[in-house]
Amino acid sequence: MMPRTEYIEKLKTWKDEDVIKVVTGISGCGKSTLVNQFIQWLKSNGVDDSQIIMINLEDVTFSFKDYIELHNYIISKLDLSKKNYVFLDEIQNIKDFQKAVDSLYIKNNIDVYITGSNAYLLSGSLATLLSGRYIEIKMLPLSFKKFVSSFDSNNYYELFLNYMKFGGLPGCVNLLKSNPNGIDIYMDAIFSTVVYKDIMMRNNITDKLLLESVLKFIYDSIGSPISTKKISNSLTSKGTLTSNHTVENYLNAFLESFLIYKAERFDVKGKKLLSRDYKYYAALAGLRSYLLGKKSDCDLGHILENIVYFELLRRSYKVYVGKVDDLEIDFVAKNRDGLKYYHVALSVRDENVLARELKSLQKTNDHYPKTLLTLDMDLEADYDGITKINVIDWLLDK
């Protein structure tokens with residue numbers, strides 16, 4: 001099991017605090033592994049087995065007919081003279097689970113942790129019922145730095161090419177080391193799990209082919225501004241009839257299941273968000289490669305952009321697409337310290353390309369840090385305050 005140190009540290013920080021700990025992330029990203037690692041840490045720090053209740057709702061051993069049965073089972077296992085640690089994995093499989101969670105939360109000596117593969121966990125009735133009572137830990141697939149640590153090789157460029165194609169699901173990493181030919185079978189299983197369980201069943205969707213067509217269109221357009229109308233018109237022109245309303249519903253379902261993430265546009269000079277032409281990024285590079293086939297390798301620049309987007313999320317930034325007059329900055333990264341600007345390009349060795357890629361960063365007219373990330377293996381350079389860095393070094397924190 002790969003140690004997910006950064007997330008373990010977050011759980012340690014919130015241990016015994018009076019909030020429900022909610023771990024969210026796409027199927028296969030390692031939520032169950034994280035919970036097991038945290039339980040092992042608890043045991044190594046003096047917590048007895050009798051104080052830990054671990055229930056995986058995907059395990060048929062735990063076949064509860066409703067949230068009341070789940071709640072009563074947990075209550076029967078508690079020793080309220082001690083601190084109890086309750087872990088409910090893939091909790092979205094129980095209807096109205098939030099009522100059981102809330103009831104556990106209000107009792108003394110219970111520390112509650114739940115995981116789920118759908119943002120539905122934190123929407124609607126749960127958000128209302130548990131408002132102010134939970135913190136969310138958003139789990140992403142492995143970073144490139146963690147990906148590299150799983151291999152004995154120091155050939156970072158070769159590893160990076162694999163990372164671009166297959167991404168950072170722990171299952172993919174294990175297969176790359178032992179059985180690369182099995183990756184497509186694994187990605188098909190991930191796709192079926194997410195599409196059937198997290199999307200189609202939950203949203204009462206019956207047209208799998210249309211759902212897949214919309215997802216392929218988005219995956220083929222990562223890093224490009226798209227709208228529901230553009231997707232609908234494009235599919236209809238190719239003989240797949242659909243509507244803006246249907247596409248919008250599918251988009252929301254993809255976002256809720258963490259298959260894609262949305263980046264809003266940010267007016268750098270006006271310091272305000274813009275309300276249209278969002279960009280979407282793919283959480284699973286391996287799934288994108290599986291669905292698009294050879295076509296997935298055609299736009300390495302946007303794949304590189306995709307990797308940078310998720311790395312900025314891992315580093316706890318809110319990430320937007322920047323607009324400066326009629327130009328675009330790939331990313332505006334925001335935290336409590338202010339803004340950072342990032343522009344991404346495969347190569348800027350051609351002077352004309354370099355001038356073009358620097359132009360939007362030069363027009364920001366402020367003093368926030370500006371970085372140009374490329375795959376060029378040159379030394380770090382500075383262009384009037386704009387730092388050019390090799391993207392692999394940046395991902396490895398070198």
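The values are calculated or read from the model by the stated rules, or taken from the named source; none is laboratory data. All values reported here derive from a predicted model rather than from experimental measurement. Here the Cβ positions follow ideal geometry from the backbone for every residue, glycine too, while neighbour counts run over all protein chains shown. Calculation scope for accessible area: heavy atoms of the full protein, side chains included, ligands and nucleic acids excluded. Shrake-Rupley method; radii C 1.70, N 1.55, O 1.52, S 1.80 Å.
Asp330 - would you say it is buried (at least 22 other Cβ atoms within 10 Å of the Cβ) and among the acidic types (Asp, Glu)?
Spelling it out, Asp330 is indeed buried (at least 22 other Cβ atoms within 10 Å of the Cβ) and among the acidic types (Asp, Glu).
Quick one: count up the residues across the stretch 99-138 that are open to solvent by 10 Å² or more (accessible area, probe 1.4 Å), in a helix (DSSP H, G or I) and without any contact (Cβ under 8 Å) to a residue 40 or more places away in the chain.
Number of matching residues: 8.
Results for (1) under 21 Å from the mean Cα position of the chain (by Cα); (2) open to solvent by less than 10 Å² (accessible area, probe 1.4 Å); (3) modelled with pLDDT of 95 or more, shown as yes or no for each residue.
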site: Leu273; (1), (2), (3): no, no, no
site: Tyr278; (1), (2), (3): yes, no, no
site: Gly293; (1), (2), (3): no, no, no
site: Tyr320; (1), (2), (3): yes, no, yes
site: Val324; (1), (2), (3): no, yes, no
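Before we move on, is Ser243 touching a residue at least 12 places away in the same chain (Cβ under 8 Å) and not β-branched (Val, Ile, Thr)?
no
Could you check Leu346 against (1) farther than 25 Å from Pro141 by Cβ; (2) open to solvent by 20 Å² or more (accessible area, probe 1.4 Å); (3) of a type outside the set (Val, Ile, Thr) and say which number it fails?
All conditions pass for Leu346, except number (1).
Of all residues in the stretch 356-396 being part of a helix (DSSP H, G or I) and charged (D, E, K, R), which is least open to solvent (accessible area, probe 1.4 Å)?
Glu357
If we keep just the residues of the stretch 1-20 that are under 20 Å from the mean Cα position of the chain (by Cα) and at pLDDT 95 or above, which is surrounded by the fewest Cβ atoms within 10 Å (Cβ to Cβ)?
The qualifying residue surrounded by the fewest Cβ atoms within 10 Å (Cβ to Cβ) is Glu9.
Which residue out of Ile183, Ile190, Ile218 is surrounded by 15 or more Cβ atoms within 10 Å (Cβ to Cβ), β-branched (Val, Ile, Thr) and out of contact with any Gly (no Cβ under 7 Å at 6 or more places or on another chain)?
Ile218
Can you tell me which residue within the stretch 295-306, out of those that are over 17 Å from Pro225 (Cβ atoms), touching a residue at least 60 places away in the same chain (Cβ under 8 Å) and open to solvent by 20 Å² or more (accessible area, probe 1.4 Å), is farthest from the chain's Cα centre (by Cα)?
Lys295
With among the β-branched types (Val, Ile, Thr), touching a helix residue (DSSP H, G or I) at 6+ places or on another chain (Cβ under 6 Å) and open to solvent by 20 Å² or more (accessible area, probe 1.4 Å) as the only criterion, which of Thr206, Thr240, Thr246 stands out?
Matching residue, one of Thr206, Thr240, Thr246: Thr240.
Working only within the stretch 53-77, note down all residues that are closer than 21 Å to Ile106 by Cβ and either of a type outside the set (A, V, I, L, M, F, W, C) or open to solvent by less than 30 Å² (accessible area, probe 1.4 Å) (or both).
Within the stretch 53-77, Ile53, Ile55, Asp66, Tyr67, Glu69, Leu70, His71, Asn72, Tyr73, Ile74, Ser76, Lys77 qualify.
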